[in-house]
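The next block holds one structure in the form of structure tokens; read it before the comments.
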Amino acid sequence: MARYFEFSKHGTSYRQEFIAGLTTFLAMAYILAVNPLILSEAGMDYQSTITATAIAAIVGSLVMGFFAKYPVALAPGMGLNAFFTYAVVGGMGIPWQTALAGVFVSGVIFLLLALSGIRETIINAIPAGLKQAVSAGIGLFIAFVGLQGAGIIVDDGATLVKLGDLGDPSTLLALFGIVITAILMTLNIRGAIFIGIVITAVAGMIFGLVELPASIISIPPYPTALGEFAGPLFGEVIDGVSFWSIEMLIVVLTFLFVDFFDTAGTLVGTASQAGLLKDGKLPRAGRALAADSVATIVGAAFGTSTTTSYVESSAGIAAGGRTGFTAVVTAGFFFLALFFSPLLSIINSSVTAAALVMVGVLMASNLRLIEWDQFDEAVPAFVTAVGMLLTYSISKGIALGFVLYPVLKLVKGDGKKVHWIMYVMFFVFIAYFIWGKA
């Protein structure tokens, strides 16, 4: 196994990869509770969607680990599940079974694009400066998510955001975790993020801020969506009676668009953080994107919305993950979680806040690699990074920066140095903004 994943080449070990995989799992375990909660509002069974969520994460992470050999884990994506429930099922009145068929079709299209090499070509056409901006922007975004979830940053009607109640016990626990983890990282202690999570969880249990589970072992429920999904998939999709409406075409295209740039951004960002980019390009990008597609197809079949690469994988990379074995370990913990799901109540947003903030610090360091003295490079990079944070969307931040890049290059007279794909994306993103506004 060590030879297959080339541990010696990447300067890693079983212990380091195991801790990294566990850290990634702890950072993204919340999805096992949050995803079923959101999908249940679409009329889906809460318990069975727990199983579907875990299966999608297991399959996606295993394919990513063994096939693409990246330390990136996958699971049903946040934002895409909300779009599935509130926009497609709630807003358009489309049955969740048919909506799942739309997710399945988008996954198949993605897989074909990945196998053809089109997706990989697009990713490699992105300039190095924008790739660093994407990585840094994801870092800022994920740190903000952590601070928000812990109540350190809260909503404000006048200024949009403000400092939360630092006297709140749960917020204090998160602040404690951030300080402890920062100290451990300052001392260069290996596995600092994971140790920080454990210390914070123990402190939370001692002071009654982390709920102790009533039981430990549970039997995973059967994914009831599996049977109900078959009808729309092999009926409406094939005969094209009600599925291929304009509304469902928009749904499929939206899933394609958002998942593509969320996944591309996450892969580029995490690979850059792990030092896996080669000459500014993403090795084995086609395989990584295929893993994402396969996970979406399997997840839809079992009963969950689009599966995508997780930015929380950055936590595992920060803990030392460098190979696909990290993703394999994460998949193993998702499998165990099927039988020990009550234990997930220990890992709440206050416990994981420190991990997300520290990952943000590490990923934001990529800003130093941007050519800040060249405004045609600096402005698109800045807008990309800050745009992710202020729009609360990875794909929208990418869109804003990618629209600016070719314009400024043309003004400077360097238009010929821009890859033709960047010009294509310029018009695609312009259409996206116009379409989204409409």
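The values are calculated or read from the model by the stated rules, or taken from the named source; none is laboratory data. Quantities reported herein were computed from a predicted structural model and do not represent experimental measurements. Cβ sites come from the backbone with ideal geometry, for glycine too, and all protein chains shown count toward neighbours. With ligands, DNA and RNA removed, areas are computed over all heavy atoms of the protein, side chains included. Shrake-Rupley method; radii C 1.70, N 1.55, O 1.52, S 1.80 Å.
In table form, for the structure just shown:
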item: Apportionment of accessible area to carbon and sulfur, the range 256-346, percent (1.4 Å); result: 67
item: For the range 95-117 and the range 367-438, distance of Cα centres in Å; result: 27
item: With 20 Å bins from 0: P(r) over the chain, alpha-carbon pairs, percent; result: 26, 59, 14, 0
item: Violating pairs (Cα-Cα greater than 25 angstrom) within the set LYS69/LYS396; LYS281/LYS416; LYS69/LYS416; result: LYS69/LYS396; LYS69/LYS416
item: Reference-scaled alpha-carbon Rg (2.2 N^0.38 Å with N residues) for the range 275-364; result: 1.25
item: Net lengthening on full extension, LEU115/TYR423 (0.36 nm per residue, minus Cα-Cα); result: 108.6 nm
item: Surface share of carbon and sulfur [accessible, 1.4 angstrom probe, percent] for the range 360-415; result: 69
item: Prolate/oblate/rounded label for the range 9-94 (Cα gyration tensor, a/c 1.5); result: prolate
item: Cα centroid separation - the range 145-184 against the range 306-346, whole Å; result: 24
item: Net charge of Cβ neighbours under 12 Å - reference GLY164; Lys, Arg +1; Asp, Glu -1; result: -3
item: Gyration tensor (alpha-carbon) shape descriptor, the range 112-228, a/c threshold 1.5; result: oblate
item: By average C-beta atoms within 10 angstrom, highest first, the peptides 151-162, 372-383, 50-61; result: 50-61, 372-383, 151-162
item: Per residue Cα convex hull volume in Å³ - calculated over the range 325-438; result: 182
item: Paired Rg and Dmax values of the range 88-166, which use every Cα atom, in angstrom; result: 19.5, 52
item: Rounded accessible area of ARG15 (nearest 10 Å², 1.4 Å probe); result: 150
item: Highest average packing first - 138-148, 177-187, Cβ atoms within 10 Å; result: 138-148, 177-187
item: Helix-only CD estimate at 222 nm, as mean residue ellipticity for the chain, using -39500 (n - 2.57) per DSSP H run (n ≥ 4); result: -20500 deg cm²/dmol
item: Cα gyration tensor of the range 275-322 - equivalent ellipsoid semi-axes, whole Å, descending; result: 25, 15, 7
item: Rounded accessible area per residue of the chain, 1.4 Å, Å²; result: 41
item: D (Stokes-Einstein, µm²/s), Kirkwood Cα radius, the range 19-177, 1.002 mPa s at 20 °C; result: 115
item: Mean Cβ count within 10 Å, highest first, over the residues of peptides 408-414, 355-361; result: 355-361, 408-414
item: Net lengthening on full extension, ASP165/LYS281 (0.36 nm per residue, minus Cα-Cα); result: 37.4 nm
item: Fraction of accessible area attributable to carbon and sulfur, the range 80-235 (%, probe 1.4 Å); result: 71
